[in-house]
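Every number here is computed from the coordinates shown, using simple stated rules; none is lab data. On a predicted model such as this, the values are computed, not experimentally measured, just so you know. Here the Cβ positions follow ideal geometry from the backbone for every residue, glycine too, while neighbour counts run over all protein chains shown.
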Amino acid sequence: MDANIEDGGPPVLLLVGSSGGHLAQLLALRPWFEKWHRCWVTFDTPEALSLLDGEDVTPAHHPTTRNLPNLLRNTVLAWRVLRRRRVAAVVTTGAGVAVPFVVLARLRRIPTVYIEVYDRIDTPTLSARLCRPFLSAMLVQWDEQRRQYPEATVVGTLL
């Protein structure tokens, strides 16, 4: 599903998330995203690549937690992906890899959706706090998470 702008390919849903639990929560959206052409951005770990076998995957640089060189690498990656593809929307569950994709997508007027992870009920994640000013929509999985995100929509637990 290589939907390049140059060849007039269909718009794609860009699903961005770290591997592990972040990716698992995005994969739980399969009934919703199956109808879309899509591209994934995640780490090239054996588990992630196995879960996304047959999908269009762009590997991101990791680790991302407080790693400035990889933040810069992922910013360049985000710029390339967003420039080369007809991205209809960016949907992410975090973590650090999400930040440059959300910021650059919003600057390009591409809708951005952040789904806060289910295991952070009492405090917001760092990536959600950084992405929040650039979001079109903030979704949470627990009513209690609305204390941190009063504007958020509660979608229920994904896992």
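Mind checking whether some residue in the stretch 85-92 is hydrophobic (A, V, I, L, M, F, W, C) and not in a strand (DSSP E or B)? The answer is no; no qualifying residue exists.
Residue-wise test of (1) assigned to a loop (DSSP other than H, G, I, E, B); (2) hydrophobic (A, V, I, L, M, F, W, C); (3) under 16 Å from residue 21 (Cα atoms); (4) in contact with an Asp or Glu (Cβ under 7 Å, 6 or more places away or on another chain).
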| position | (1), (2), (3), (4) |
| --- | --- |
| 114 | no, no, yes, no |
| 119 | yes, no, yes, no |
| 123 | yes, no, no, no |
| 127 | no, no, yes, no |
| 131 | no, yes, no, no |
| 138 | no, yes, no, yes |
| 145 | no, no, no, yes |
| 151 | yes, no, no, no |
| 159 | yes, yes, yes, no |
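Within the option set 154, 41, 81, being buried (at least 17 other Cβ atoms within 10 Å of the Cβ), touching a helix residue (DSSP H, G or I) at 6+ places or on another chain (Cβ under 7 Å) and hydrophobic (A, V, I, L, M, F, W, C) holds for one residue only, 41. Could you please let me know if residue 110 is in a loop (DSSP other than H, G, I, E, B) and within 28 Å of residue 10 (Cα to Cα)? Criteria met by residue 110. Number of residues in the stretch 130-147 that are closer than 20 Å to residue 106 by Cβ and either loosely packed, with under 13 Cβ neighbours inside 10 Å or touching a helix residue (DSSP H, G or I) at 6+ places or on another chain (Cβ under 8 Å) (or both): the value is 8. In summary, residue 63 fulfils each of the numbered conditions (1) under 12 Å from the mean Cα position of the chain (by Cα); (2) outside any helix (DSSP H, G or I) with the single exception of condition (1).
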